[in-house]
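Scroll down for the structure; my scribbles are underneath it.
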Amino acid sequence: MASNQEVDATIGLDSSRTIEGSVFIGPDGVKKVLRRRPPLLEINSLNVIFGENQVLRDITLKIRRGETVAIIGESGCGKTVLLKTMIGLVAPTSGEVLFKGENLATLSDKELTEARSHYGFVFQMAALFDSMTIAENVSFPLRQHHKEMKRREVSERVERLLEEVGLNPSVVWNKTPSEISGGMRKRVGFARALAMDPEIMLYDEPTTGLDPIMSDVVNELMINARDRHHVAGVLVTHDMKSAVKVANRLVMLYPHALLKPDEPQMIFDGTADEIWRCEDKRVAQFIRGEAGDRIRDMSMDD
Amino acid sequence: MTKKSKNRRETSARDVFIKRVTGMGRAISSRVAFAGNLAVFSLSTLFWLVVKGPRRETLTRSFFNIGVLSLPVVMLTGTFIGMVLAVQAFPQFKVIGMETRIGAAINLSLVKELGPVLAATMLAGRVGSAIAAELGTMRVTEQIDALSSMGVNPVHYLVTPRFLACLILIPGLTLFADLMGVIGGAFFSIKLLDVDWSYYWEYSRHAVAMYDVLAGMFKSVFFGGAIALICCHQGFRCGAGAEGVGKAATSSFVLSFVAILFLDLLLDVMLDQFHELVLGGQSGSVV
């Protein structure tokens with residue numbers, strides 16, 4: 001007689017093809033129930049308002065383990081704000097952000113600190129600490145959270161991380177952030193974000209301000225982080241090439257100020273193939289980089 | 001036509017009135033919100049100080065920046081204030097034939113008021129503005145967000161060492177300012193104004209009691225705490241760009257200075273009461 005057995009669903013990179021919550025008979029004849037694992041990150045009906053300015057309206061989004069989601073949209077549409085709400089740096093006005101099923105807004109300081117240690121955040125301008133050397137910057141999270149680690153262990157780990165992002169440890173080790181180039185700073189920021197073996201990486205415009213070659217290096221690092229470290233990723237970018245190359249799924253936000261009262265702010269959620277076929281004029285205008293009526297609208301605003 | 005224009009005038013007067021009241025309400029609510037924000041920030045600092053003291057490496061750096069590097073400027077200020085007091089007071093005392101008592105006036109003013117207030121002002125100018133500018137730059141360049149994103153509380157990591165350093169080191173700085181002021185005043189009075197040195201020191205000794213020195217140092221602890229909290233708070237809520245950092249640095253000094261003067265008055269009143277009630281008012285006087 002076949003017995004019921006619960007197993008964790010392996011979430012494929014394309015979540016739309018993953019069978020979850022279904023029952024099937026395995027090759028061994030055992031009846032198995034695929035249990036639905038909660039998404040790693042879940043955003044429900046999120047609204048963010050700064051003073052009288054609403055930035056995000058009714059955003060609902062799920063990020064599953066192993067997938068990379070690119071959030072695209074024009075400047076000022078709230079992409080970075082959305083990214084920061086995902087880690088609790090910006091508090092939602094209403095709605096909830098759940099990390100592994102836990103609402104970030106209801107966590108105590110200690111619990112939030114613990115939750116954040118599962119995140120890696122790559123900032124737009126790297127946000128390295130000016131007063132520290134490159135080695136100290138990369139080892140910072142380890143020194144804060146793994147006090148039991150010996151100095152030699154920390155050094156070895158930092159060395160490995162720097163090599164992984166394509167930097168020569170002996171060259172950059174004792175340099176300060178002001179002594180290295182923008183591309184190197186981004187990669188140091190990347191190494192620092194990976195130091196704690198995160199489960200999810202948040203990238204805030206990681207290719208902005210980089211030359212095309214360095215941009216592609218950063219793209220490869222993001223793919224590498226997903227494939228080798230099995231981390232989920234959320235990439236905020238204007239760079240369509242980067243979004244299409246790195247992400248399994250693309251989400252497009254539209255500026256709240258340009259929306260009609262009943263329109264959703266998330267105007268696209270699908271794969272890279274689907275976005276090129278999307279018939280929404282606003283999506284097409286963005287991905288083709290066309291000014292369209294915007295110049296006329298801007299002159300009318302003036 | 002006349003009725004219409006009268007109505008229009010009334011509407012416009014009403015609009016102006018509503019605008020003014022709204023503006024006032026907004027200004028009051030923003031100040032109340034600022035005070036509340038500062039109070040929450042201060043409580044958060046105290047909470048982290050009690051729950052988890054600052055790390056040694058951050059504390060050492062803050063002690064060096066705030067204590068050691070401030071010492072020369074505080075001592076220099078103290079010296080010149082002592083000499084300026086001598087220049088200002090001497091003609092007044094000479095008119096009434098009491099120039100030998102000038103030391104009492106200089107030293108009492110120094111240890112009770114000018115030493116603590118000027119040491120605190122120098123600390124606010126040299127250290128406070130630098131703290132606000134440094135933390136403001138960290139805010140603008142997302143370094144504070146980076147700390148949070150790595151599971152490190154920015155108030156614990158950045159504010160508690162600076163707060164503790166200001167709190168602990170300002171009495172020492174005040175003492176050095178007092179000392180150098182006393183030396184500067186004595187040098188100018190005795191060497192350049194020909195005041196008899198034995199009378200100068202004798203009257204000073206009678207006028208200045210240990211209580212006065214300790215009261216000045218006691219006040220300075222509050223000044224130090226206020227400077228650290230105000231300047232760190234200004235840095236944390238810094239606006240965007242270079243302009244935001246500049247504004248944070250300026251407002252941190254202005255607010256710190258106002259706080260120093262307000263606390264000075266408040267603590268003087270309280271210490272006088274304490275002196276009267278507990279110690280029976282036994283202290284030195286100039287005359």
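The values are calculated or read from the model by the stated rules, or taken from the named source; none is laboratory data. Model, not experiment: these values are computed from the prediction. Please note: Cβ atoms are built from the backbone with ideal geometry, for glycine as well, and neighbour counts cover all protein chains shown.
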query: So how many residues does the range A:150-176 have that are over 25 Å from residue A:216 (Cα atoms) and outside any helix (DSSP H, G or I)?
result: 2
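Under 16 Å from the mean Cα position of the chain (by Cα), assigned to a helix (DSSP H, G or I) and touching a residue at least 60 places away in the same chain (Cβ under 8 Å): does that describe residue A:189?
In short, yes.
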statement: Within the range A:51-104, the count of residues that are under 26 Å from residue A:273 (Cα atoms), of a type in the set (Ser, Thr, Tyr) and more than 12 Å from chain B (Cβ to nearest Cβ) comes to 3
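Please pick out the residue among A:189, A:233 that is at pLDDT 90 or above, within 14 Å of chain B (Cβ to nearest Cβ), buried (at least 24 other Cβ atoms within 10 Å of the Cβ) and closer than 28 Å to residue A:75 by Cβ. Before the answer, list the steps.
Details: A:233 fails: within 14 Å of chain B (Cβ to nearest Cβ).
Going through A:189, A:233 in turn, the sole match is A:189.
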- request: Return the only residue of A:158, A:138 being of a type outside the set (Lys, Arg) and within 14 Å of chain B (Cβ to nearest Cβ).
  value: A:138
query: Among (1) away from chain A (no Cβ under 14 Å); (2) not in a helix (DSSP H, G or I), where does residue B:152 come up short?
result: (1)
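Residue-by-condition table, conditions (1) among the basic types (Lys, Arg); (2) under 28 Å from residue B:55 (Cβ atoms); (3) more than 24 Å from the chain's Cα centre (by Cα):
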position	(1), (2), (3)
A:150	yes, yes, yes
A:171	no, no, yes
A:194	no, yes, no
A:203	no, no, no
A:216	no, no, no
- line: Log entry, pairs with first residue in the range B:33-48 being within 15 Å of residue B:225 (Cα to Cα) and among the aliphatic types (A, V, I, L, M), second being surrounded by 14 or more Cβ atoms within 10 Å (Cβ to Cβ) and modelled with pLDDT of 90 or more, beta carbons closer than 6 Å, six or more apart or on different chains, reads B:38/B:233
- request: Check whether at least one residue in the range B:145-162 is within 17 Å of residue B:71 (Cα to Cα) and touching a residue at least 40 places away in the same chain (Cβ under 8 Å), and report yes or no.
  value: yes
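Looking at residue B:240, is it within 24 Å of residue B:63 (Cβ to Cβ) and either of a type in the set (Gly, Ala, Ser) or touching a Gly at 6+ places or on another chain (Cβ under 7 Å) (or both)?
Working: within 24 Å of residue B:63 (Cβ to Cβ): no; either of a type in the set (Gly, Ala, Ser) or touching a Gly at 6+ places or on another chain (Cβ under 7 Å) (or both): yes.
Taking the combined requirement at face value, the residue does not satisfy it.
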message: Test of understanding: among A:204, A:197, A:130, which residue is within 14 Å of chain B (Cβ to nearest Cβ), closer than 19 Å to residue A:86 by Cβ and free of Cβ contacts under 8 Å to residues at least 60 places away in the same chain?
response: A:197
task: Within the range B:128-139, identify whether any single residue is within 14 Å of chain A (Cβ to nearest Cβ) and either among the basic types (Lys, Arg) or not in a helix (DSSP H, G or I) (or both), and answer yes or no.
output: yes
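Looking only at the range A:141-155, filter to residues that are among the basic types (Lys, Arg) and within 14 Å of chain B (Cβ to nearest Cβ); which one of those is surrounded by the fewest Cβ atoms within 10 Å (Cβ to Cβ)?
Of all residues in the range A:141-155, those among the basic types (Lys, Arg) come to A:143, A:147, A:150-152.
The next check asks that each one be within 14 Å of chain B (Cβ to nearest Cβ); those that pass are A:143, A:147, A:151.
Numbers: A:143: 16, A:147: 7, A:151: 9.
Among them, the one singled out is A:147.
Among the candidates B:5, B:12, B:29, single out the residue that is without any contact (Cβ under 8 Å) to a residue 24 or more places away in the chain and exposed (fewer than 10 other Cβ atoms within 10 Å of the Cβ).
Details: B:12 fails: exposed (fewer than 10 other Cβ atoms within 10 Å of the Cβ); B:29 fails: exposed (fewer than 10 other Cβ atoms within 10 Å of the Cβ).
One residue alone meets the criteria, B:5.
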- prompt: Quick check, is residue A:290 assigned to a loop (DSSP other than H, G, I, E, B), more than 15 Å from the chain's Cα centre (by Cα) and away from chain B (no Cβ under 14 Å)?
  reply: yes
- prompt: Among the numbered criteria (1) small (Gly, Ala, Ser); (2) closer than 20 Å to residue A:233 by Cα; (3) within 14 Å of chain B (Cβ to nearest Cβ), which single criterion is violated by residue A:108?
  reply: (2)
statement: The residue from B:110, B:118 that alone is part of a helix (DSSP H, G or I), away from every other protein chain (no Cβ under 14 Å) and more than 22 Å from residue B:229 (Cβ to Cβ) is B:110
field: Residue match in the range B:78-87 (condition: at negative phi and within 14 Å of another protein chain (Cβ to nearest Cβ))
entry: no
query: Is it the case that residue A:212 is crowded, with 19+ Cβ neighbours inside 10 Å, more than 29 Å from residue A:62 (Cβ to Cβ) and either more than 14 Å from every other protein chain (Cβ to nearest Cβ) or in contact with an Asp or Glu (Cβ under 9 Å, 6 or more places away or on another chain) (or both)?
result: no
- line: Over the range B:173-197, the set of residues touching a helix residue (DSSP H, G or I) at 6+ places or on another chain (Cβ under 7 Å) and either of a type in the set (Gly, Ala, Ser) or without any contact (Cβ under 8 Å) to a residue 40 or more places away in the chain (or both) is B:177, B:181, B:184, B:185, B:186, B:189, B:190, B:197
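Please tell me if residue A:175 is within 14 Å of chain B (Cβ to nearest Cβ) and either in contact with a helix residue (DSSP H, G or I) (Cβ under 9 Å, 6 or more places away or on another chain) or of a type outside the set (A, V, I, L, M) (or both). Before the answer, list the steps.
Values: within 14 Å of chain B (Cβ to nearest Cβ): no; either in contact with a helix residue (DSSP H, G or I) (Cβ under 9 Å, 6 or more places away or on another chain) or of a type outside the set (A, V, I, L, M) (or both): yes.
The answer is no for residue A:175.
Quick grid of which residues meet (1) part of a helix (DSSP H, G or I); (2) farther than 30 Å from residue B:100 by Cβ; (3) in contact (Cβ under 8 Å) with a residue 24 or more places away in the chain; (4) not acidic (Asp, Glu):
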position	(1), (2), (3), (4)
B:202	yes, no, no, no
B:206	yes, no, yes, yes
B:213	yes, no, yes, yes
B:216	yes, no, yes, yes
B:262	yes, yes, no, yes
